Each structure stands twice: as C-alpha cells, then as structure tokens.
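Okay, structure first, notes after.
The values are calculated or read from the model by the stated rules, or taken from the named source; none is laboratory data. Just so it is clear, the model here is predicted, and its values are computed rather than measured. FYI the Cβ positions are ideal-geometry reconstructions off the backbone, even for glycines, and counts take in every protein chain you see.
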Amino acid sequence: MSAPVLEGKASFALRGHNPDVLTCIANLSNDEVFTPPEFANRMLDTVAEAWADAHGGASIWQNSDVTFLDPFTKSGVFLREITRRLTEGLADAIPDLQERVDHILTRQVYGIGITQLTALLARRSVYCSKDATGEHSIAKSFDRDWGNIWFERTEHTWAGDRCAYCGASKTGYEREDALETHAYAFIHTKNPRALLATMFGADVHFDVIIGNPPYQLGETGGDSVGSFAMPIYQTFIEAAMQLEPRFLSMITPSRWFAGGRGLHDFRKRMLADRRLRVLVDYPESREVFDGVDIAGGVSYFLWDSQTQGACAVSTVSGGVRGPAVSRLLDEYDILIRSNDAVSILHRVLGEPASSEFASLAEKVAPIQPFSLRTNFRGAVEAEGLSDPVLVYQNGGTGWIERQAIPRNTQWVDQWKVIVSGAVPAGGRPDKDGQLYGIIGVRVLPPGTACTETYLVADRFETEEGARRFATYLRTKFVRFLVSVRTNTHHLHNERFAFVPDLPMDRVWTDEDLYARYGLSDAEIAHVESSMRAVEPSDA
C-alpha cells in the first residue's frame, strides 16, 4: 500500500513508481464514500486561498501553529494531503525532516475514525503504519498506538425506538458486539468540544475542520435506503460549527438545496448563514466519486467563522467549473443552484419576489391524488362493474368501481391534466446536457382517475381549458421553472412554486411567455438550451 515515506531529503511524498492506492480503493457504500485525493486537494486549495485572503497573502502551509481536524476520516486522504503540504511548507521553519514530521503529526493533524477499519486505514495512510508507535511509523514521538487518529466503539442512546442523537432505528441498529454500531462519536454528544478535549487534550482548538461525513442512515441499518432514508450529514456540520473553527469545509449531497427528508430547518439556517463563503456544486456526482450515483449531485462548501457577506457559488459540469457568482443564498426558500436561473426568476417573480405572485403550486394536487398507490392494478375490463372509472396506472390503464376510490371522487367527472410523478435521470441533465422538467403531460376526460404514479396538475370543466393548460405545461419556460426546484426523481406540488398561475383564456407559447416576462436574448438562450423539447405523445 502506497503511503507517505521519509526520503533522505526534505520531502514527504508518495514513491513515484507506486500508484496512489487512495485513487482506486472501493467505496464502503453510497452513503460512506472515499474521497479521491484530487478532490480532497481542490477543497484544501479553497481553504488555502481563503486563509491567504484573510492573512495578507500568507500561506497556511507555512504556519506551524494551525491545527486541522477530520472528524469522520475514512481513508485518511485529507489528513495525508494536509501532512504532505505542511511538510513542504514548513521546510524552512523546521529544517530537520524528522523533527518537522513529528511536529506536524503530533501537534497539527488530527482525525476521528468512523469505524475501526477506517481508523486503521487512516493511520496507515498518514503514519505509514496502523500503529503510530510501531517500527514502520514515520512519527517517532507518539506514546499511544492511535497517534492523533482516534476511534473507540460508541453505542447509540435509545430514546424509545430511535437514537436520541442520530435518529437511528433501534430495530435496525441494535447489533452484536462484534459488529460496527455506526454510532459516530462526533455526533453522539451534546458537547463536541468536551468530547474532543477528552480525545486530544483540553488545550487543542481546531482552526480548520474538513472532511466528507457519512450521508444518511440506511444501508448500514434498518432504515430504508434511497429517497426515504434519513440524512445525517447535517448533524456533523452542526456539531463542527459548535467547535468554532476558523474554517469549515465539507462535502455533502446537494439534496439539501431544495429538498431532503428532515432538512427544512437545516436548509433555512444554512441559507441564512452569511459565513458561507464558497459553494461549489456538482450536479452529477460521478464527476466527484467515480461510479457512485448520488441523486441530486454533491457539493462542497467553505464556511468562514470570521466573515459576513455573500457566497461565491459556482457549478462544475463536464469537468468545467463555471464562473463564481457572489450571491445571498436566502433570496428564496430553496437554494437556486444555477447562477443563470437567478436573473430569470427575478423577472418572473420580481426582485425581490412579489407577495402578489400567484403560484401554480397552489393548484397542483399533493401526491396520491386519489389515494391509489403505484402498485394498484385495475380490472382489465369494465364489464361487471356498476359504476366503472378508468384509472391511469403505471404501465397502462385499468378499471375500478367509483365507490372504491378512497378520496377526491368529485374529480372523476372533471377534465384533468396529469403529469408523471417522476423525472428522468433524477432531475439531472441527460446525455446531451438537457433537462425534461416535466414529462407525461396528459389530458384525462371525465370518468377517469389516476394512481400516485401521476400528479393531478389541475382540473377543468371544459376540454378546451384542459388542453390549453397541457400546452402551457409543455413549454420550455414552464418546465425550466419546475427544473429549478427539482434535484431528485420525484415531483411534488412545491416543485411548481416558481411557475405562474396564468389564465387559460389563450394558448401560451414560449415566445409569448418570454415576451410577457421580458427575458433577454441571453436568458432565452439559456432556457432553450437547457430544456429538451417534448411532444404531446411523450409519456
């Protein structure tokens, strides 16, 4: 296994003829992923730039007093790369290589393992030995085998059926002694500062906290996996902020921008926090983690405890990082991840957003409009049913007795416009870099219903009104406004919050809508290039 080694000169680097094992190590799961060294270094560059800005151009890597903590280390890549940079940067201040390495590893670089295995792996990456006091360890001043990379098994604290700290299910996470509990010590305390004092000493304050926390409860326990799994990364962020570092930088799923189970309060606090200085967004997670598909993409942020102001937001797509735009993140109830979309929203909603804006979200029905689940399968024929209703279901249609429909039976006799309740590619651009926003726009006549596979976008007394509305929903303009709030597979009525509720006394075209809201040529080009055209037959 390749790792930092002492050479006989003032250097601290990987042996040139060995591949870096941390570039190819397998991920634990989609929830606990190893950070590639290249990406870890991008984050460290961001920290270094912010430090230099705050300290008159001084290099953080030439400062022998700065302390770093990765409170959920897995491969040890952040600690290893920090150590490498400090070893090079402090060469003049501490000329003796062994003295320099000992100083860095014992007084500047700290970590907390998330499991026994990852703690050993991190020690191997940083110390070249799983035992910091061992024969092959490059650190020669430790008197404890774990060095400064701590791990001890932590147990959940059950309050009924859930852990009082992380919300883990008691059924799913009660484990035999030999198995990992996945009770992460850093977030299983009300006082992270006191906890770290017991680990590393009461006099240690961390200037920089950086890392890639576990994302959710699910694959390692009893909670369901996927969109209904319980996110946990926000708990790590909040605990880290309690330590009051100068800088905090973490990788997270980007779902918190606009959705995510239990993330409403966290999102509100983050968007209002003027200490967020940098946000770099990757809509496609595979651009960061090869082979790992995280719905909604991933991002990393830099939080600076000593600044107040706007945040520099940029997006990376196809390996190209777009220009950073300085923005206040709480202009809307969600984070608008596209810088190009902000000016369009200003035109549609007003700047600031007008309280008189009428949103289509008020008309779109919640999920399960008729309380018929996705797995519902109606009768093949209406024959034998006393009052049959045709149900649009997953993969086709079926029949049901009107009285068997659990709710909203009054809608059956209205014209309805429905849309698919899911978005292709999880709301991400397709292979051509375009979005759908909405698919499956259908006009249903009276005598019909649908399962939760679809959303009922609105209801009408006339066919003409329904067909005009369906045409409106198929415009690129409307589907773009929906896509701005969509970063996962599922559509909900709140995804339509930026769509104007216009009168259907005419047939709306994109050209009409662009003119109505005064979009510039550049804004029109952005909408047109972002959205894939759809036809009435698209399902």
Residue match in the stretch 107-128 (condition: at pLDDT 95 or above, within 25 Å of Ala48 (Cβ to Cβ) and surrounded by fewer than 19 Cβ atoms within 10 Å (Cβ to Cβ)): yes
Boolean, Ala312 is on the phi < 0 side of the Ramachandran plot, out of contact with any Lys or Arg (no Cβ under 9 Å at 6 or more places or on another chain) and either among the aliphatic types (A, V, I, L, M) or assigned to a loop (DSSP other than H, G, I, E, B) (or both): no
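Within the stretch 314-332, does at least one residue satisfy the condition of being in contact with a Ser or Thr (Cβ under 6 Å, 6 or more places away or on another chain) and free of Cβ contacts under 8 Å to residues at least 40 places away in the same chain? Write out each step before concluding.
As a first pass, look at the stretch 314-332 and keep what is in contact with a Ser or Thr (Cβ under 6 Å, 6 or more places away or on another chain): 321-322, 324.
Cutting the leftovers down to free of Cβ contacts under 8 Å to residues at least 40 places away in the same chain gives us 322.
Scanning the stretch 314-332, I find at least one residue that is in contact with a Ser or Thr (Cβ under 6 Å, 6 or more places away or on another chain) and free of Cβ contacts under 8 Å to residues at least 40 places away in the same chain, so the answer is yes.
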In the stretch 353-392, the residues that are surrounded by 12 or more Cβ atoms within 10 Å (Cβ to Cβ) and farther than 30 Å from Phe498 by Cβ: Phe376, Arg377, Gly378, Ala379, Ala382, Leu385, Asp387, Pro388, Val389, Leu390, Val391
Residue match in the stretch 286-306 (condition: over 22 Å from Ala361 (Cβ atoms), of a type in the set (Phe, Trp, Tyr), surrounded by 19 or more Cβ atoms within 10 Å (Cβ to Cβ) and at pLDDT below 95): yes
First in the stretch 514-531 and more than 20 Å from Ser354 (Cα to Cα), second anywhere and among the charged types (D, E, K, R), Cβ under 7 Å, 6 or more apart: His526/Asp340; Val527/Lys476; Glu528/Lys476; Met531/Lys476; Met531/Arg479
Unmet criterion (only one of (1) over 24 Å from the mean Cα position of the chain (by Cα); (2) acidic (Asp, Glu); (3) at pLDDT 95 or above) for Asp45: (1)
Met270 touching a Pro at 6+ places or on another chain (Cβ under 7 Å), assigned by TED's automatic domain parsing to the domain that holds Arg193 and at pLDDT 90 or above: no
Close pairs from the stretch 403-426: first assigned by TED's automatic domain parsing to the domain that holds Pro445, partner part of a strand (DSSP E or B) and surrounded by fewer than 16 Cβ atoms within 10 Å (Cβ to Cβ), Cβ under 7 Å, at least 6 apart: none
Number of positions in the stretch 329-358 that are aliphatic (A, V, I, L, M), outside any helix (DSSP H, G or I) and within 24 Å of the chain's Cα centre (by Cα): 3
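Can you tell me which residues in the stretch 36-74 are in a loop (DSSP other than H, G, I, E, B) and surrounded by fewer than 24 Cβ atoms within 10 Å (Cβ to Cβ)?
Looking only at the stretch 36-74, we keep the residues that are in a loop (DSSP other than H, G, I, E, B), and these are 36, 55-59, 63-67, 74.
Across the stretch 36-74, the qualifying residues are Pro36, His55, Gly56, Gly57, Ala58, Ser59, Asn63, Ser64, Asp65, Val66, Thr67.
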